[in-house]
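Structure first, then comments.
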């Protein structure tokens with residue numbers, strides 16, 4: 001009999017260093033932080049005090065939860081670094097930062113954000129495609145923010161650049177509680193090694 005997966009301990013959240021023009025982004029980030037604590041889940045994130053990163057970290061800390069920030073040395077300035085985290089890990093570079101965040105977390109969720117958020121999300125999605133990890137991945141699609149990304153992925157499937165089964169590597173929802181439920185119940189697909197797949 002196969003052993004069951006251990007319960008989650010932490011969720012890695014990718015989020016913007018800006019708050020965006022829609023107040024719903026900030027409100028959802030704060031609600032998400034409180035939700036993590038209510039479910040006994042710690043936060044792993046980029047260590048910043050600004051934007052949606054700062055909002056979710058503040059909400060976790062104010063609710064008595066664990067917030068671990070991982071930030072590269074060149075970004076760890078007084079202006080950007082969150083001053084009251086449970087733990088701050090300073091890395092030598094961005095590559096080490098992302099690897100450390102991934103090792104600390106049991107799942108990944110991207111909130112609205114900019115280019116850095118997109119890059120982090122697509123990297124962990126690619127890692128899942130390549131079989132590097134089998135941790136669940138979600139998009140917190142606040143106010144339809146990630147609709148264009150989901151459309152792009154579907155377009156890539158239709159045009160032959162992404163396999164249809166790779167769409168099943170991620171979940172999306174506008175509501176944090178529903179998204180966590182989906183990820184908690186998700187069985188990541190057992191995919192053949194990408195390097196063994198023949199060209200279509």
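Screening the range 63-105 for residues that are buried (at least 20 other Cβ atoms within 10 Å of the Cβ) and assigned to a loop (DSSP other than H, G, I, E, B) and picking the one that is nearest to the chain's Cα centre (by Cα) gives 105. Looking only at the range 163-179, residues that are surrounded by fewer than 17 Cβ atoms within 10 Å (Cβ to Cβ), under 20 Å from residue 135 (Cβ atoms) and modelled with pLDDT under 95 come to 4 in all. Residue 186 fulfils the conditions (1) on the phi < 0 side of the Ramachandran plot; (2) out of contact with any strand residue (DSSP E or B) (no Cβ under 7 Å at 6 or more places or on another chain); (3) at pLDDT below 95 except for a single criterion, (2). Every listed requirement among (1) in a loop (DSSP other than H, G, I, E, B); (2) under 21 Å from residue 140 (Cβ atoms); (3) without any contact (Cβ under 8 Å) to a residue 60 or more places away in the chain is met by residue 16 save one, (3). Please specify each residue of the range 157-185 satisfying the condition of being free of Cβ contacts under 8 Å to residues at least 24 places away in the same chain, out of contact with any helix residue (DSSP H, G or I) (no Cβ under 7 Å at 6 or more places or on another chain) and under 19 Å from residue 121 (Cβ atoms). Answer for the range 157-185, where residues must be free of Cβ contacts under 8 Å to residues at least 24 places away in the same chain, out of contact with any helix residue (DSSP H, G or I) (no Cβ under 7 Å at 6 or more places or on another chain) and under 19 Å from residue 121 (Cβ atoms): 161, 168, 175, 178. Per the listing 45, 25, the residue uniquely touching a helix residue (DSSP H, G or I) at 6+ places or on another chain (Cβ under 7 Å), buried (at least 19 other Cβ atoms within 10 Å of the Cβ), modelled with pLDDT of 95 or more and over 21 Å from residue 106 (Cβ atoms) is 25. Does residue 70 satisfy the condition of being under 18 Å from residue 180 (Cβ atoms) and touching a helix residue (DSSP H, G or I) at 6+ places or on another chain (Cβ under 7 Å)? It is false that residue 70 is under 18 Å from residue 180 (Cβ atoms) and touching a helix residue (DSSP H, G or I) at 6+ places or on another chain (Cβ under 7 Å). Determine, yes or no, whether residue 123 is free of Cβ contacts under 8 Å to residues at least 40 places away in the same chain and within 20 Å of residue 104 (Cβ to Cβ). It is true that residue 123 is free of Cβ contacts under 8 Å to residues at least 40 places away in the same chain and within 20 Å of residue 104 (Cβ to Cβ). Tell me whether the range 106-129 contains one or more residues that are touching a helix residue (DSSP H, G or I) at 6+ places or on another chain (Cβ under 9 Å), over 21 Å from residue 150 (Cα atoms), assigned to a loop (DSSP other than H, G, I, E, B) and at pLDDT 95 or above. Scanning the range 106-129, I find no residue that is touching a helix residue (DSSP H, G or I) at 6+ places or on another chain (Cβ under 9 Å), over 21 Å from residue 150 (Cα atoms), assigned to a loop (DSSP other than H, G, I, E, B) and at pLDDT 95 or above, so the answer is no.
The values are calculated or read from the model by the stated rules, or taken from the named source; none is laboratory data. Source: prediction; values computed, not measured. All Cβ positions, even for glycine, are placed from backbone atoms using ideal geometry, and neighbour counts span all protein chains on display.
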